[in-house]
1. Please identify the GluC sites (Glu not before Pro) of segment B:130-237 that satisfy two criteria: DSSP loop assignment and at most 13 other Cβ atoms within 10 Å. Which are they?
2. Using 1/(1 + (r/R0)^6) with R0 = 22 angstrom and r between the beta carbons of A:ARG223 and A:LYS201, what's the FRET efficiency to the nearest 0.05?
3. How much length is gained on full extension from A:HIS70 to A:LEU50, taking 0.36 nm per residue of separation minus their Cα-Cα distance?
4. Highest first, please rank the peptides C:66-79, A:67-80, C:207-220 by the mean number of other Cβ atoms sitting within 10 Å of their residues.
5. Report the percentage of all Cα-Cα pairs in segment B:210-255 whose separation exceeds 15 Å, rounded to a whole percent.
6. Output ³J(HN,Hα) for segment A:150-159: one whole-Hz value per residue in order, computed from phi by the Karplus curve 6.51 cos²θ - 1.76 cosθ + 1.60 with θ = phi - 60°, and x for Gly and Pro.
7. Using modelled backbone amide H atoms (1.01 Å from N, in-plane), which distant-in-sequence or interchain residues come within less than 5 Å of B:THR273's amide H?
8. Just to confirm my numbers, what's the Cα centroid distance between segment A:179-207 and segment B:100-156 in Å?
Amino acid sequence: MTSEAYTTPPAGPAGRLRTAIRGALFRYAGLRGYILLSPTLLVLVGAMCLPVGILLVYSFWTQSYIEIDHTLTLANYIKIFTRQSYMLLIGKSVLISFTVTVATVLLAYPIAYFIAFKVSRYKIVWLILITVPFLTSYLLRVFAWKIILGYNGIINSGLKWLGIIDQPLTFLLHNPTAVVITLAHAWAPIAILPIFVSLEKMDRSLLEAATDLGDSPTQRFLRVTLPLSIPGVVASSMLVFIPTVGDYITPQLVGGPDGMMVGSLMHAMFFRANDWPLGSALAIISAMAITLTSLGIWLLTKQARARAI
Amino acid sequence: MKKNEMLDRLADGTLNRRSLLKGLSAMGIGVAMTPYFHGRANAADQATYFTWEGYEVPELHGDYIKKHGASPEVSIFADEGEALQKMNAGFTPDVAHPCSYNVNLWRESGVAQAIDTSRLSNWPDVVSSLKTIPGTQHEGKQYFVPFDWGNTSILYRTDLVDIKEESWGLMWDERYKGRLATFSGANETVPYASVYAGVDPWNMSDADLAKVRALLEKQRPLIRFYADDVSSIEQGLASGEIVAGSTWNSSNVLLKGEGVPVKFMNPKEGIMTWVCGLTIHPKAPNLDAAYDLIDAMLSVEAGKFMIVDYGYGHSNSKSFDAAGDEAIENAGLSRDVEAFLKAGVFSNEFKDRDAVLKMFEEVKAGL
Amino acid sequence: MKLSAPKWMRGGGLTGYAILYLAFLYIPVLFLPLFSFNDGIYISFPLKGFTTKWYVEMMATESLQHALLNSIKVATTVSIISTVLGLLAARAFTRYRFVGQRPALGLLVLPLVVPGIILGIALLIMANSVGIELSLFTIGAAHVLIATPFATFVMISRLEGFDANLEEASRDLGESGWTTFWRVTFPLALPGIVASLLLTFIESFDEFILAFFLSGNEATLPIYIWSQLRFPKKLPTVLALGACILTFTVVVVVFAEWVRRRGVGPSRKSEN
């Protein structure tokens, strides 16, 4: 690898340093990689790790009125853990998110299968069709459901107009079910993609082998396709579950009193009740709950995933 | 270079930088790269007005528009707690619109400055009892300009509700389960619950707080939604989704005007009264415009609109004459402001604000 | 290679499901434009008549234009910065092997996965403790945080199919590092860069939660929409705005995805 820049090494200590650095960059490709990565890493650390760190510190302080007491204390955590009701709210949020995840992934699997196996020529078109709704405004999509499920909304007025019902249905909106429907719709596209990827990457020869060895199509699906697609299913579940636990917009717009999730309480602590430390503690605990649940799913499916690879 | 050809070469990766730039500039994208202009040049000179929904209408600051040629910049809040947080986080409006019980907190938080009332031409006409509401003055200085006053009470559908007497108890009536709505702000809902429980809302002991909490927890299953704003309650009443909701005078005027059969209750335990007004932020960027805005809102024209169209009282004593006795009657107001306010439960500061707020947030969350 | 699927999945059944699914994805969203042309304030059937007055009103609203301009400012800046960062990171990941690559990749995914409200709270607290005042800058910074992973992954998928020999060949022919980059790497990565710019623009343009937490005096478009959602009289105008945003987003995203996948397409075919 010859290049003109290296035929005449510059002289002097600065020149020697430059040569040394150049040499190091040359030899250790990894170092070059790091240097390229550093601006991005810096941004990530500065804009994410640092704030989360400060959040953690805040959770150990206490606030009364407008004064924040900077003595480190576990008071907030004790309060949250000992008040059964706080833990119940977090538990409820996890449960709702879990329901959303199951519903979304179950609905997403067949269509991922469809695109991976049944579509030969226009895969790109289908993939684009699937991705586009996800990239439109989240707020608008949630709001669309609010006007669909509302008392005088699209479903109710449509049914009334068609003469099917007299009084509007009240169970459509302002409850956890509305939250599940809305979130399942909002996150559906993101659930499809990981499953699709793992199905697409699947070695077709394995499927052929199964058929040659006498498996019926159903058997082949259950014994080969499904297990091999588990990594995709798990990834998809994570991608839906984790963000939905902290969601506060959907519960606020369509949840009603019963559909409240922990995100609403966090928001209240910061914007109304004026207790930032308590809100921070709540955020940290929610994050931990999410991590633990995800870890649990990760470990449970570890065996299945190992076999898949 | 034709567009299609360019796209093909773009996708293939054979498009080189020079031709790309040529193509792009041909499409006029160069224009888009020019530095962003700063929007309307005069936007920076207008006062920023931070208020509840409905109060930004031009009829309430006509004099300001005459002087400055346009309405002020408006930002809406639904909850004073949220408003305070936003300001604490750095939002600096010129004029804000809290209610009297929050002025102390806002002043101590550093978001309200002493107001020079000599700069307000309409100040001498302001009802004197409103000038000296507890909490709005500090060390002889005025921190609050009273603007509007009125009631919080239950607005109910007379055709859908059957009650023998007017009482706050309607909000706990099991017959209307799932058809009631109340404000999500603690300042709005907790007081009437306390009044119904028979305790003094502004000086609750721990036992009192527990009693009110139990009552609010009893109410929760009956509530269809906790409203962040007046519109949801108004819409709900208009469509019949809810049969009763806690709200303010203006909703009564609005729905009656639309032909909806409603009545604004005068509960036997006492109707809630409040006075809200204007504060100036210490770091207000457009101080002169701020004073102009406040003065405009204190004017008689604004007051007349307030009484006739909104059904709220106005702080300028001359507005009563302009509005006329009939309008005052219709709105359920009175010329004797002091007596009016005393006849109901006047909104004040909670003794332990944080405890009350937190309690209500927990109740709402179902905890 | 066509293998027969299980009977219950075969043929029409699955295709029918796919069509239904697409309907489920799109129809709720399509109600927004539908009712934006409806001559009535309430969003309910029956439809009252066709009108474009909401669009006219929308274009006359000053606060809306102001918010729109803010959103464009923020989104453009964010897309440029995050694409640059993403390009550097993608190149680092695809061209070099170094210790800590997997953790770094994990760190990169984190902003996409942490719930928005937690991120928003954390950033708000940090801004507050450090004394940074909330403004369009703070919104932009938050958006860069979530847009950069996006940009990186878009670019990784583009650079992975990239033949490193091309670069070596260029160097052998006498080009220095910088011109190699400019004449070989950059044009080949261009579809990815364009896709990344467009996708991160949309990401920032539509983002609400972080913007809401970190906004100062200036509002972005989603914040404006949020503030209008409660006024029944303003609702149709908001729907008109929503319809416009949807159309714009769809056009941009379809274009971006098409450019990105078309670029990758030929090399996939060559593998077969």
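1. B:GLU139, B:GLU165
2. 0.75
3. 5.4 nm
4. Per-residue mean Cβ counts within 10 Å order the peptides as C:207-220, C:66-79, A:67-80.
5. The share of Cα pairs beyond 15 Å in segment B:210-255 comes to 48 percent.
6. So the J values, rounded to whole Hz, are x, 4, 10, x, 5, 5, 4, 5, x, 5.
7. B:THR152, B:VAL345, B:PHE346, B:SER347
8. 58 Å
Values quoted throughout were computed directly from the atomic coordinates according to the rules given, and no laboratory measurement underlies them. Quick caveat: nothing in here was measured; it's all calculated off a predicted structure. Every residue, glycine as well, gets a Cβ built from its backbone with ideal geometry; the counts of neighbours run over all protein chains shown.
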